[in-house]
Every structure is written in C-alpha cells, then in structure tokens.
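Novice: Please read through the structure below; I'll follow up with questions.
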Amino acid sequence: SLRYEKGELVTAATRGNGSVGEDVTVNVRTFKDLPFSLSGEAPDVLEVRGEVYLTKQDFRALNERQAEAGGKVFANPRNAAAGSLRQLDSSITACRPLKMFSYAWGEVSEPVANSQWAFLDRLKAWGFDVNPLTRLCGSLPEVMAAYTDVGDQRASLNYDIDGMVYKVNRLDWQERLGFVS
C-alpha cells in the first residue's frame with residue numbers, strides 16, 4: 001500500500017495481518033518502476049494498493065547470485081519478493097528487481113474515478129504499472145473467454161499467478177456486493 005500526499009510518496013506498508021502492516025517505505029523507494037511523485041492531478045491523499053512481484057527471469061538470476069554467494073536460495077518468486085520487500089537493509093532490496101502491479105485504492109481524500117476501469121486508467125496516467133492482462137468484459141461469455149485466455153497463457157507468463165480476480169466495474173455495485181468473495 002503506497003500513500004501519497006499532495007502527489008508525493010510518503011509511506012509504503014505491507015498488508016501485514018490485514019489491520020497492521022510493516023513500514024517498508026525505505027525499501028519501496030529503491031524500486032525503479034514506481035512513481036515517487038504523481039504526474040497530473042491527484043487527490044491530496046491517495047492510497048494505491050497492488051502486488052509486488054519478481055519476474056521468473058529475475059527470480060532465477062537472484063537465486064543464481066544467492067547460490068554463488070552461499071546465501072539463501074528462495075523457494076519461489078512470491079517468497080523472494082515478500083522477503084526482499086521486508087528486508088531490514090534497503091541496500092539488499094535495491095539489488096533485487098522488484099516490480100508492482102497496481103489495481104486498487106484505500107484511503108482517498110476525494111473520489112478518484114467512477115468505475116474500476118476508469119481508476120485503472122488513472123493509475124496508468126499517474127505512472128503506475130497495471131497488469132497488461134486486465135480487460136473490461138461486457139458479458140459472461142467475455143468473462144469466460146478471458147478466463148480461458150489467461151489459462152492458456154499461464155505457463156508462458158513471465159510471472160507467477162495464483163489465478164484470476166474478477167471485479168465488478170461499477171463502484172456502487174462493488175460497495176453493495178462487498179469485497180470478501
């Protein structure tokens with residue numbers, strides 16, 4: 001979770017236990033593809049949420065370096081990304097090519113969009129990476145086609161996925177439906 005105030009990154013935190021996370025601001029400032037200052041108009045307070053990851057290629061290279069140095073070899077990219085993000089020494093984090101796909105918001109001082117899709121467009125305009133597989137579907141057959149398409153690509157993606165997340169585009173419907181399932 002990245003908190004921006006007046007367009008500037010002020011805090012980054014992990015999800016933690018769901019209520020309280022760890023402050024990882026210093027480590028996030030080592031990322032090469034995150035905006036630390038937002039371009040364009042943004043709310044005075046904007047919390048952007050997303051997922052930190054390592055590409056498969058970067059994960060293999062990291063494990064090769066770890067093994068050559070006699071260090072810990074990671075079991076999978078997710079554990080490596082989480083451990084890298086939570087390092088106490090930010091110089092270690094800086095040597096690991098962490099990336100982030102942004103997809104949601106937390107606290108905001110004013111509405112940021114009128115739909116999920118419009119929010120993703122705002123994220124891109126502010127300089128965030130949004131997963132390129134994201135698509136807007138207008139019917140159940142389109143949703144099922146998207147599911148099949150991602151399933152077909154899964155093994156060849158350059159990052160690991162657990163599955164897919166479906167979001168209702170209308171924000172008023174999202175609020176009505178809730179966020180549990």
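The values are calculated or read from the model by the stated rules, or taken from the named source; none is laboratory data. Remember, it's a predicted structure, so these values are computed and weren't measured experimentally. Virtual Cβ from ideal backbone geometry, glycine too; neighbours counted across all protein chains shown. In case anyone asks, the SASA skips ligands and DNA or RNA and just uses the protein heavy atoms, side chains included. Shrake-Rupley method; radii C 1.70, N 1.55, O 1.52, S 1.80 Å.
Novice: Report, by residue number, each residue of segment 44-100 that is among the acidic types (Asp, Glu) and in a helix (DSSP H, G or I). Talk me through it step by step, then tell me what you get.
Specialist: First, the residues of segment 44-100 that are among the acidic types (Asp, Glu): 44, 47, 51, 58, 64, 68, 89.
Once the filter is applied, which keeps residues that are among the acidic types (Asp, Glu) and in a helix (DSSP H, G or I), segment 44-100 yields ASP58, GLU64, GLU68.
Novice: With LEU88, LEU98 as the choices, which residue is open to solvent by 80 Å² or more (accessible area, probe 1.4 Å) and hydrophobic (A, V, I, L, M, F, W, C)?
Specialist: On the way: LEU98 fails: open to solvent by 80 Å² or more (accessible area, probe 1.4 Å).
After ruling out the rest, the residue left standing is LEU88.
Novice: Let me ask something else about it. Of all residues in segment 155-181, how many are open to solvent by less than 100 Å² (accessible area, probe 1.4 Å), among the charged types (D, E, K, R) and either touching a residue at least 60 places away in the same chain (Cβ under 8 Å) or in a helix (DSSP H, G or I) (or both)? Quick ask: steps written out before the conclusion?
Specialist: Filtering segment 155-181 for residues open to solvent by less than 100 Å² (accessible area, probe 1.4 Å) gives 155-161, 163-164, 167-169, 171-172, 174, 178.
Then drop every residue that is not among the charged types (D, E, K, R), which leaves 160, 167, 172.
Then drop every residue that is not either touching a residue at least 60 places away in the same chain (Cβ under 8 Å) or in a helix (DSSP H, G or I) (or both), which leaves 160, 172.
Of the residues in that region, 2 qualify.
Novice: Considering only segment 131-181, how many residues are of a type in the set (Phe, Trp, Tyr) and in contact with a Leu (Cβ under 8 Å, 6 or more places away or on another chain)? Before you say what the answer is, go through the steps one by one.
Specialist: Residues of segment 131-181 of a type in the set (Phe, Trp, Tyr): 147, 159, 166, 173, 179.
Okay, now just the ones that are also in contact with a Leu (Cβ under 8 Å, 6 or more places away or on another chain), so 159.
Final tally of qualifying residues: 1.
Novice: Oh, and also: Could you check segment 1-18 and list, in sequence order, the residues that are under 19 Å from LEU123 (Cα atoms) and open to solvent by 30 Å² or more (accessible area, probe 1.4 Å)?
Specialist: If the condition is that a residue be under 19 Å from LEU123 (Cα atoms) and open to solvent by 30 Å² or more (accessible area, probe 1.4 Å), then SER1, ARG3, GLU5, LYS6, GLU8, VAL10, THR11, ALA13 are the ones that fit.
Novice: Here's a follow-up. Specify which of the listed residues (VAL10, VAL26) is at pLDDT 95 or above and not in a helix (DSSP H, G or I).
Specialist: Working: VAL26 fails: not in a helix (DSSP H, G or I).
Just one listed residue meets the conditions, VAL10.
Novice: Name every residue in segment 51-75 that is out of contact with any strand residue (DSSP E or B) (no Cβ under 9 Å at 6 or more places or on another chain), touching a residue at least 40 places away in the same chain (Cβ under 8 Å) and open to solvent by 50 Å² or more (accessible area, probe 1.4 Å), in order of residue number.
Specialist: Listed by number, the list holds a single entry, GLN57.
Novice: Taking into account only those residues within segment 103-132 that are of a type outside the set (Gly, Ala, Ser) and part of a strand (DSSP E or B), which is nearest to LYS32 (Cα to Cα)? Step through it out loud before you land on a result.
Specialist: Here is the first cut: in segment 103-132, the residues of a type outside the set (Gly, Ala, Ser) are 103, 105, 107-108, 110-112, 114, 116-117, 119-124, 126, 128-132.
Cutting the leftovers down to part of a strand (DSSP E or B) gives us 103, 105, 107-108.
Working: TYR103: 18, TRP105: 21, GLU107: 24, VAL108: 25 Å.
Within segment 103-132, the match that is nearest to LYS32 (Cα to Cα) is TYR103.
Novice: Under 28 Å from VAL20 (Cβ atoms), touching a residue at least 60 places away in the same chain (Cβ under 8 Å) and surrounded by 11 or more Cβ atoms within 10 Å (Cβ to Cβ): is that true of LEU123 in this structure?
Specialist: Details: under 28 Å from VAL20 (Cβ atoms): yes; touching a residue at least 60 places away in the same chain (Cβ under 8 Å): yes; surrounded by 11 or more Cβ atoms within 10 Å (Cβ to Cβ): yes.
Yes.
This table checks each residue for (1) out of contact with any Phe, Trp or Tyr (no Cβ under 6 Å at 6 or more places or on another chain); (2) under 23 Å from SER156 (Cβ atoms).
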| site | (1), (2) |
| --- | --- |
| ASN27 | yes, no |
| PHE31 | yes, no |
| GLU41 | yes, no |
| GLY50 | no, yes |
| PHE59 | yes, yes |
| ALA67 | yes, no |
| GLY83 | yes, no |
| ILE92 | yes, no |
| SER109 | yes, no |
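Novice: Return only the number of the condition from (1) part of a loop (DSSP other than H, G, I, E, B); (2) open to solvent by 40 Å² or more (accessible area, probe 1.4 Å) that THR148 does not satisfy.
Specialist: For THR148, the exception is condition (1).
Novice: Do we find that SER139 is modelled with pLDDT of 95 or more, touching a strand residue (DSSP E or B) at 6+ places or on another chain (Cβ under 8 Å) and open to solvent by less than 90 Å² (accessible area, probe 1.4 Å) in this structure?
Specialist: On the way: modelled with pLDDT of 95 or more: yes; touching a strand residue (DSSP E or B) at 6+ places or on another chain (Cβ under 8 Å): no; open to solvent by less than 90 Å² (accessible area, probe 1.4 Å): yes.
Criteria not met by SER139.
Novice: Can you tell me which of GLY106, GLY127 is touching a Pro at 6+ places or on another chain (Cβ under 6 Å), closer than 24 Å to GLU8 by Cβ and either of a type in the set (Gly, Ala, Ser) or modelled with pLDDT under 95 (or both)? Don't jump to the end; show me each part of the working.
Specialist: On the way: GLY106 fails: touching a Pro at 6+ places or on another chain (Cβ under 6 Å).
On inspection, the qualifying residue turns out to be GLY127.
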